[in-house]
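The values are calculated or read from the model by the stated rules, or taken from the named source; none is laboratory data. Just so we're clear, the structure is a prediction, and the values are computed from it rather than from any experiment. In this analysis, Cβ positions are derived from the backbone assuming ideal geometry, glycine residues included, and neighbour counts consider all displayed protein chains.
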Amino acid sequence: MKKILVLHTGGTIAMQENEETGGVTTGDSNPVQQWNTLVSEDYDIVSDDFLQLPSPHITPSHMLKLFHHMNERLQDTKAEGVVITHGTDTLEETAYLLDLLHTMELPVVLTGAMRSSDEVGSDGPHNFITAVRTAASEKAKGMGVLIVMNDEIHTAKNATKTHASNVATFQSPQYGPIGLITKREIFFHHQPLQREHFHAEKMDKKVLLIKTYAGLEGDVFQHLISQPLDGVVIEALGQGNVPPALMEPVQSLIDHRIPVVLVTRCFSGVVQDIYSYQGGGRTLKEAGVIFTNGLNGPKARLKLMAALENHLSRETLRKCFERY
Ligand code: ASP
């Protein structure tokens, strides 16, 4: 019987609705602990209540602590797979940072729920069972950190929460899921081409994420970047363009050796140095902005925070963002 390590961090999957107030929050005990019996005939489950937080309270430092805790527990339990339960709001961020840090082949699967544990049609127990089955699957080895929700398997890098309340919320725009789960089987139909890793002792670099919009003014941007900063990620318009007023402050950041990473604010597609008007992708590239693809803004921010812990040269930093 395979041993699976289950680490709980909180989120709706571990919450209940208060009958009097109607508010959904954590109770005295974690209901997910009771679900071990749902899988105990087939798997040897070792579980820890590592955190009990709504996921908007999770920080990159919590994510790093979770990674260290997971490795310590893997050493003493000798588990062959890991399931992490997590609130869905920031689940993709924790999954992605773990993916950057986790170098082993051993499967790590994150799951959550859109409906609290006592709600009719709660998706928690089912997601928990399918996550355990995936973490125990030989086929999941070497696939990187995975997200299992609603009978689909997604990579941490590509998946994003696309709906505020629907149980089919996690999707991988442009890429699709890499596998699916049925009553009897776990199927993988894609495999990540490359994986990349960083070592991080801390996750406290100050990196801002700024979304662009029509009419974003230079002084608003200047105000946002006026405190001490280690890096900036910009969610640009379309194929990688920003309002013209941003050119000057962006250039000044780069002149002060603060890396500026560009992703698109679009749901799909890539940033490229196409347009040569003021603020166009070509002018940004010439100014020294780093373009990156396949990541949304929050994930590019985590990657920049992790990369900055490795004291890379400007050129190496650029390459590690531009090669994917
Ligand atoms: N707000 C909740 C959280 O992320 C949502 C969820 O778990 O689905 O903790």
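Answer yes if at least one residue in the stretch 62-81 is within 12 Å of the chain's Cα centre (by Cα) and in contact (Cβ under 8 Å) with a residue 12 or more places away in the chain, and no otherwise.
yes
Pick from the stretch 105-124 the residues that are part of a loop (DSSP other than H, G, I, E, B), hydrophobic (A, V, I, L, M, F, W, C) and more than 13 Å from the ligand (Cβ to nearest atom): which of them is surrounded by the most Cβ atoms within 10 Å (Cβ to Cβ)? Outline the logic, then answer.
Going through the stretch 105-124, the residues part of a loop (DSSP other than H, G, I, E, B) turn out to be 105-107, 112-123.
Filter once more, so that each one left must be hydrophobic (A, V, I, L, M, F, W, C): 106, 113-114, 120.
Now narrow it down to the ones that are more than 13 Å from the ligand (Cβ to nearest atom): 106, 120.
On the way: LEU106: 17, VAL120: 5.
That would be LEU106.
Can you name the residue in the stretch 46-68 that is within 18 Å of VAL207 (Cβ to Cβ) and hydrophobic (A, V, I, L, M, F, W, C) and, of all such residues, is nearest to the ligand (Cβ to nearest atom)?
The extreme case among them is ILE58.
In the list ASN71, ASN30, ASN36, ASN127, which residue meets the criterion of being more than 19 Å from ALA164 (Cβ to Cβ) and within 16 Å of the ligand (Cβ to nearest atom)?
Being more than 19 Å from ALA164 (Cβ to Cβ) and within 16 Å of the ligand (Cβ to nearest atom) holds for just one of ASN71, ASN30, ASN36, ASN127, which is ASN30.
Which residue, of ILE234, ILE225, ILE178, ILE254, is of a type outside the set (Lys, Arg), under 30 Å from THR134 (Cα atoms) and crowded, with 16+ Cβ neighbours inside 10 Å?
ILE178
Which condition number in (1) within 30 Å of ASP151 (Cα to Cα); (2) touching a Gly at 6+ places or on another chain (Cβ under 8 Å) is the one that LEU208 fails?
For LEU208, the failing item is (1).
In the stretch 1-27, how many residues are within 16 Å of the ligand (Cβ to nearest atom) and either touching a residue at least 60 places away in the same chain (Cβ under 8 Å) or part of a loop (DSSP other than H, G, I, E, B) (or both)? Even if it seems obvious, please write down each step before you answer.
Of the stretch 1-27, the ones within 16 Å of the ligand (Cβ to nearest atom) are 7-18, 22-27.
Narrowing the set further to residues that are either touching a residue at least 60 places away in the same chain (Cβ under 8 Å) or part of a loop (DSSP other than H, G, I, E, B) (or both) leaves 7-18, 22-24, 27.
Of the residues in that region, 16 qualify.
Return yes when THR264 is at pLDDT 95 or above, more than 27 Å from ASP89 (Cβ to Cβ) and among the β-branched types (Val, Ile, Thr) and no when it is not.
In short, no.
Residue by residue through the stretch 122-166, note down the ones that are farther than 16 Å from THR182 by Cβ and among the hydrophobic types (A, V, I, L, M, F, W, C).
Step one: list which residues in the stretch 122-166 are farther than 16 Å from THR182 by Cβ, which gives 122-125, 128, 135, 138, 141-147, 154-166.
Matches in the stretch 122-166: PHE128, ALA135, MET143, VAL145, LEU146, ILE147, ALA156, ALA159, ALA164.
Given the conditions (1) touching a residue at least 24 places away in the same chain (Cβ under 8 Å); (2) more than 24 Å from PRO228 (Cα to Cα), which single one is not true for MET305?
Of everything listed in (1) touching a residue at least 24 places away in the same chain (Cβ under 8 Å); (2) more than 24 Å from PRO228 (Cα to Cα), MET305 misses just condition (2).
Any idea which residue in the stretch 85-104 is surrounded by the most Cβ atoms within 10 Å (Cβ to Cβ), counting only those that are within 16 Å of the ligand (Cβ to nearest atom) and β-branched (Val, Ile, Thr)?
In this case the residue turns out to be THR85.
Of the residues MET143, MET203, which is buried (at least 18 other Cβ atoms within 10 Å of the Cβ), touching a helix residue (DSSP H, G or I) at 6+ places or on another chain (Cβ under 7 Å) and part of a loop (DSSP other than H, G, I, E, B)? Let's see the steps before the verdict.
Working: MET143 fails: touching a helix residue (DSSP H, G or I) at 6+ places or on another chain (Cβ under 7 Å).
Unique residue meeting the criteria: MET203.
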